[in-house]
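Working notes, structure below.
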Amino acid sequence: MSTLREMILQSPGLGPIAVPCPEWGEGVVVHVHPLTADQRDQLEEESTELAAAADFAPGAGRKRLHARAVVRAARDAEGKPLFRLEDIEVLAAKDARVLDRLYRVVDRLSAVSEEEVQALLGKSAGTPGGGSSSASAASST
């Protein structure tokens, strides 16, 4: 009989979600994996650093948030990472619809919505610039 602790530590967590991306080529499917706690912490730390570097100007912590999240979560069918951190700039220049589609899945699996980033920076989603183009982590899609 396993203890609750053992069950939690041995749990595989959520599995990936396959997201078709025909804009990137026929048959292109990106497998979005949930972020680990470390990956999400890195994303939040980057957002805080970006905001601080811009004296917490509105939106500074969200700079390239979609691309930064997708770089960490996107995998191929075998589970190998598709992108590296140095790909953020190039990925951010791609079609926003595709990035948004992938980002919404990352948000649903890992709760990295723009509202989460704004809360981290001490701002509510109701303040100017605090809106989001993603679904809340608690919503179902």
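The table for this structure:
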| item | result |
| --- | --- |
| Pair list, Cβ < 9 Å and 6+ apart or interchain, from the stretch 1-24 residues that are on the phi > 0 side of the Ramachandran plot to residues that are at pLDDT below 95 and surrounded by 11 or more Cβ atoms within 10 Å (Cβ to Cβ) | Gly13/Thr36 |
| Top-ranked residue in the stretch 71-110 [being surrounded by 13 or more Cβ atoms within 10 Å (Cβ to Cβ) and part of a loop (DSSP other than H, G, I, E, B); ranked as farthest from the chain's Cα centre (by Cα)] | Lys94 |
| Given (1) under 19 Å from the mean Cα position of the chain (by Cα); (2) part of a loop (DSSP other than H, G, I, E, B); (3) modelled with pLDDT under 95, number of the condition Pro34 does not satisfy | (3) |
| Any chance Gly130 is farther than 16 Å from Leu35 by Cβ, surrounded by 15 or more Cβ atoms within 10 Å (Cβ to Cβ) and modelled with pLDDT under 65 | yes |
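The values are calculated or read from the model by the stated rules, or taken from the named source; none is laboratory data. Every value quoted in this text rests on a predicted model; they were computed, and no experiment measured them. No Cβ is skipped: glycine too gets one built from the backbone with ideal geometry, and neighbour counts run over all protein chains shown.
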